[in-house]
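Trainee: I'd like to ask you about the structure that follows.
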Amino acid sequence: MFLPFKDHLKEHFPKVEQSRILVAISGGVDSVVLAHLCKKANFDISLAHCNFHLRGEESEGDEAFVLELADALEVEVFIESFETEAYARSKKISIQMAARELRYHWFEELRETLDFDYIFTAHHANDNLETFLINLVRGTGLEGLTGIPEKNGAILRPLLSFSRAEIEEYAHNSHLKWREDSSNASGKYMRNKIRQEVVPKLLELNPQLLESFNNTQEHLQQSAVLVEDYISALFPRIAKQEDYGYSFRIKMLKTIPNLRAVMYQLFKSFGFTEWNDVYELLEAQPGKIVYSKTHRLIKDREKLLLTTLSSEDEREYEILAEEEVVMLPMGTFQFETARELSEVGKDSIFLDQNKLKFPLTVRKWEEGDQFHPFGMKGKKKLSKFFKDEKLSLPEKENCWLLCSDDEIVWVIGYRADARFGVDEKTSTILKLTFTP
């Protein structure tokens, strides 16, 4: 197996021979074989072991074994302990998901801090098949059927083309020692049931199952690349970038063939899973919202609006009288005196400086806010003003106000308040320009 391993790396990952590699090591046969193969190939490796404290004395035994293995291989080893169950409870996720998040976060932290080039994990062909079957049982899209990627950023899986049988044969022939994980025999995990019950039956039907599966994977991966290329070319044609995210014209979306499939591909990377709800937004009433954990999709009048979810910014910012240029999170304010009025755009206004009471404040709008729109008589609620201006929900949420002594001076980017405007009694004209 050593020569096929070397040849595989030379063909697929030619840069690793001159790289610093962090090998993820559990103590099981797969990772032990990977560590030995890397050492035999004279790679510059260190080991990284996670103690998740899930199996009592057995977990401590794994850690002790890894320390002995590192000593025998004469390589550096890093050990990290995790309170996995507490982390899973705090995040409200499964133990398996918690362990995955903890180990990959730590591996990446080690890689960045200590300048490793790659992280090697010992996933093999049987793992890939099991993952495919798990996703198939749970229900998935095309990406869930393409299996475990051989390369994911700095993470490489150099054993992915080798079977569990090949790895175990190499371990026995090389008289290697390893640890057996008792949880692998438990029937409460889906992966174990598939490994112990489903895969053996499939092998009875087709002894060349792994080879056939690898061929199928190649076809699926090629199809996935084609879909990705199509969506990458389509996205800039149908999505318009806005200050709050993206907008999609519904009329244009409806001209796309196989729209349901296209919408799945368009929005899956933003975390959406309720695909019927997403598709039905096209015919929903304005204001209907579908949420993912990170984003929301809003039905506006003639558009779908995609925005990120963020905590509402309720802070207020002050602008002092002596400040000429003020940089705040939403943009930059520039104050300058002017001799006369001139034409302005939506991002600049003229004010009577003597009508202002400093410090000025900048804040988000609130329900009940009202002002005296320049060019109109009387006052108007901001909510009514926004409705008349036909602002979308994200545009309203992203609206900031410039205020003087709790009175609105400017609905920034939209309309100034007439009470602070220049008139025949004005002695000092102040020009205010806002740059987002």
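Trainee: Helix 57-73: angle to the longest alpha-carbon principal axis of the chain, degrees 0 to 90, nearest 10?
Mentor: Approximately 80 degrees, to the nearest 10.
Trainee: Could you calculate the FRET efficiency of K251 with M376 from 1/(1 + (r/R0)^6), where r is the beta carbon distance between them and R0 is 35 Å, rounded to 0.05?
Mentor: 0.60
Trainee: Counting other Cβ atoms within 10 Å, which GluC sites (Glu not before Pro) in region 1-77 have at most 15 and lie in a DSSP loop?
Mentor: Sites meeting the loop and neighbour criteria: E74.
Trainee: Find which of T121, G245, A165 sits farthest along the positive direction of the dipole of the chain, computed with +1 on the beta-carbon of Lys and Arg, -1 on that of Asp and Glu, about the Cα centre.
Mentor: Most positive-ward Cα: G245.
Trainee: Along the positive direction of the dipole of the chain (beta-carbon charges: Lys, Arg +1; Asp, Glu -1; about the Cα centre), which of S174, L259, C403 reaches farthest?
Mentor: The residue sitting farthest along the positive end of the dipole is L259.
Trainee: Along the Cα→Cβ direction, 7 angstrom out, place labels at K177 and L320. What is the inter-label distance in nm?
Mentor: Going from the K177 label point to the L320 one covers 7.0 nm.
Trainee: Next question, about the same structure. In straight Cα distance, which lysines are under 18 Å from K177, not counting same-chain residues fewer than 8 positions off?
Mentor: Once the sequence-local lysines are set aside, what remains near K177 is K39, K40.
Trainee: Among 93-102, 135-144, what's the highest-first ranking by average C-beta atoms within 10 angstrom per residue?
Mentor: Packing order, densest peptide first, comes out as 93-102, 135-144.
Trainee: Follow-up. Per the helix-only calculation at 222 nm, which mean residue ellipticity applies to the chain, given -39500 (n - 2.57) for every DSSP H run of n ≥ 4 and division by its residues, nearest 500 deg cm²/dmol?
Mentor: -11500 deg cm²/dmol
Trainee: Quick check: the angle from helix 125-138's long axis to the longest principal axis of the chain, C-alpha only, nearest 10 degrees?
Mentor: Result, in degrees: 50.
Trainee: Hey, another quick one. Are there trypsin sites (Lys or Arg not before Pro) in region 30-98 that DSSP puts in a loop and that have at most 12 other Cβ atoms within 10 Å, and which ones?
Mentor: K92
Trainee: Still on this structure, please answer the following. Of all beta bridges DSSP finds with both residues in the chain, what is the antiparallel percent, to the nearest 5?
Mentor: 75
Trainee: Among (1) 23.4, 93; (2) 30.5, 98; (3) 20.9, 64, which one is Rg and Dmax of the Cα atoms in Å computed from these coordinates?
Mentor: The calculated read-out lines up with (2).
Trainee: For labels at Q222 and D423 in the simple 7 Å Cα→Cβ model, what's the distance in nm?
Mentor: 7.7
Trainee: Let me ask something else. What's the magnitude of the charge dipole for the chain around its Cα centre, counting Lys and Arg as +1 and Asp and Glu as -1 at the beta-carbon? Answer in Debye, nearest 20.
Mentor: Numbers: 56 positive and 72 negative charges, 420 e Å.
The calculated dipole for the chain is roughly 2020 debye.
Trainee: For V77, enumerate residues with amide H under 5 Å from its amide H, sequence gap 5+ or separate chain, H modeled in the peptide plane.
Mentor: Those qualifying (amide H under 5 Å, at least 5 residues apart or on another chain) are L47.
Trainee: OK, next. Calculate one ³J(HN,Hα) per residue across region 200-216 by plugging θ = phi - 60° into the Karplus curve 6.51 cos²θ - 1.76 cosθ + 1.60, and present them in order as whole Hz with x for glycine and proline.
Mentor: Using θ = phi - 60°, the values come out as x, 5, 5, 5, 5, 6, 8, x, 9, 4, 5, 5, 5, 5, 4, 5, 4 Hz.
Trainee: Going through region 234-299, which GluC sites (Glu not before Pro) have at most 12 other Cβ atoms within 10 Å and a DSSP loop state?
Mentor: Within region 234-299, the qualifying GluC sites (Glu not before Pro) (loop, at most 12 other Cβ atoms within 10 Å) are E274.
Trainee: Taking R0 as 30 Å, what FRET efficiency do you get between E109 and E83 from their Cβ-Cβ distance, rounded to the nearest 0.05?
Mentor: Efficiency, rounded to the nearest 0.05: 0.95.
Trainee: A further question follows. Modelled label-to-label distance, E58 and R339, 7 Å Cα→beta-carbon offset: nm?
Mentor: 8.7
Trainee: Can you work out the FRET efficiency for the pair N135 and E389, with r the C-beta to C-beta distance and R0 = 41 Å, to the nearest 0.05?
Mentor: Efficiency computed from Cβ-Cβ geometry: 0.30.
Trainee: Then there's this: Residue by residue through region 287-302, what is 3J(HN,Hα) from phi via Karplus (6.51 cos²θ - 1.76 cosθ + 1.60, θ = phi - 60°)? Round to whole Hz and write x for glycine and proline.
Mentor: Karplus values, whole Hz, x for Gly and Pro: x, 5, 10, 10, 10, 10, 5, 10, 9, 9, 10, 10, 7, 9, 4, 10.
None of the figures in this text is laboratory data; all of them are computed from the coordinates on show. Quick caveat: nothing in here was measured; it's all calculated off a predicted structure. Backbone-built Cβ (ideal geometry, glycine too); neighbour counts: all protein chains shown.
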